[in-house]
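The values are calculated or read from the model by the stated rules, or taken from the named source; none is laboratory data. Quick caveat, the model's predicted, so the values are computed rather than measured. Glycine also receives a Cβ, built like all others from the backbone with ideal geometry; neighbour counts cover every protein chain displayed.
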Amino acid sequence: MYQEPVLPPVRGLPARYFTDPVVYQRVKTEIFFKTWQLACHVSQVPRPGDFFSFSIFDQDLFVIRGDDGKLRAFYNVCQHRGHPLVEGSGNRPRITCPYHAWTYDLHGKLIGAPNSRSVPGFDAGKIHIPGIRLEEFLGFVFVNLDRDCESMAKCYPGAKEGILALCPDIEMRAFAHEYTADEKCNWFAAVENYNECYHCKVAHADFAKGVIDPGSYNIAPYGQGKVLSHTSLATRSEEAWYDVSGSDYGSFYLWPSMSFQVYPGGVVNTYHWRPLAVDDVRVHRGWYSGDGEVDETLRKVIDLDRETTFAEDLALLQNVQRGLRSMGYRPGPLILDPKGGIDNERPISILHQWLRASVDGPGNGG
Ligand code: FES
Ligand SMILES: [Fe+2]
């Protein structure tokens, strides 16, 4: 009699993927320096001269709107002796370095350097702040440090259309609010946690009643790119956080570190993660409204999210990172249910493939 072969279960990743500085270095160069990263929202830089600075690992960067209305992104470094050019966000008619006042126009071209006329052969026309790739995607500004990277449409085929189907007016939104926290865990633990809802009923009781209908929750790969789509009906509980009628819940996670999320009724919010160290990552939680204001409903959702789901994940993740350093940890089998559904870690096994494809280099496999 024929018996189906029993395959060994797929297990969690060995702890070194979350703790080893060598792996972390490869994550930096092979993943974060080669993929699209969320910088800000277009509504945060609406006028010529508006800029927004941020960092990806140790690379300081900024986005600035030119007098031609176009957004550009640059390394945040003076071409004289390396001082950063801007800090935080604001507006500048020109970019003047705080160290020796070398001045650049909004296209990054050097237009003035004190006493440079005394230097034979000094050619300001040859000096530019190096630019980086930038794309606007549904009103969100993304950058990529890899000059040869594929466009977002090629990296995430169909994602734009999928997000528009979920929230047709997403391009009409403006940045309204953000909070951040340092999660005290490896970035990938945070991304794994985001992309499974096996823990939702256990750890996020409020979210599982207030926002989603857990029985309908599912996460699946989307299209041919590195995208995971979360879907759920809106909660039917009397403990709904707000009037959730209108449209259901969905989210689109774009590898490696950003997710568009739409709560029922079109409440647009985002997660993005910026690694700080092998065992720390800053999570950014953004909220977007029609006019950039936080109305009463949005205020309620933001406060409840921050006090429950967001705080609960912070506690889970710092505890997990501690466990990953334990000499007693052996990664257990993942719960892979071919039927899908909420109690399922299939997306985690997909994330493992994406991570390992970039990180497992020569001498670093297994
Ligand atoms: S380092 Fe910027 S002007 Fe000198
Ligand atoms: Fe969670």
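Within region 13-59, the set of residues being among the hydroxyl-bearing types (Ser, Thr, Tyr), outside any loop (DSSP other than H, G, I, E, B) and closer than 23 Å to Cys155 by Cα comprises Tyr24, Thr29, Ser55.
Looking at Ile127, Ile95, which one is touching a Phe, Trp or Tyr at 6+ places or on another chain (Cβ under 7 Å) and either within 16 Å of ligand 2 (Cβ to nearest atom) or of a type in the set (Val, Ile, Thr) (or both)?
Working: Ile127 fails: touching a Phe, Trp or Tyr at 6+ places or on another chain (Cβ under 7 Å).
Going through Ile127, Ile95 in turn, the sole match is Ile95.
Among the candidates Asp50, Asp67, single out the residue that is without any contact (Cβ under 8 Å) to a residue 40 or more places away in the chain and not assigned by TED's automatic domain parsing to the domain that holds Pro256.
Working: Asp50 fails: without any contact (Cβ under 8 Å) to a residue 40 or more places away in the chain.
When all the criteria are applied, what remains is Asp67.
Checking Asp291, Asp305, Asp279, Asp295 one by one, the residue that is at pLDDT 95 or above, acidic (Asp, Glu) and closer than 19 Å to Leu351 by Cβ is Asp279 and no other.
Just to verify a result, which residue in region 68-88, among those that are assigned to a loop (DSSP other than H, G, I, E, B) and surrounded by 19 or more Cβ atoms within 10 Å (Cβ to Cβ), is nearest to ligand 2 (Cβ to nearest atom)?
Taking region 68-88 as the starting set, the residues that turn out to be assigned to a loop (DSSP other than H, G, I, E, B) are 68-70, 76-88.
Still in the list and also surrounded by 19 or more Cβ atoms within 10 Å (Cβ to Cβ): 76, 78, 85-86.
Values: Asn76: 33, Cys78: 41, Leu85: 38, Val86: 35 Å.
In this case the residue turns out to be Asn76.
Filtering region 174-219 to residues that are within 16 Å of ligand 2 (Cβ to nearest atom), in a strand (DSSP E or B) and either surrounded by 20 or more Cβ atoms within 10 Å (Cβ to Cβ) or not assigned by TED's automatic domain parsing to the domain that holds Pro256 (or both) leaves Ile212, Ile219. Going through Ile56, Ile64, Ile95 one at a time, which residue ends up being touching a helix residue (DSSP H, G or I) at 6+ places or on another chain (Cβ under 9 Å), buried (at least 19 other Cβ atoms within 10 Å of the Cβ) and under 30 Å from Glu171 (Cβ atoms)? Exactly one residue qualifies, and that residue is Ile56.
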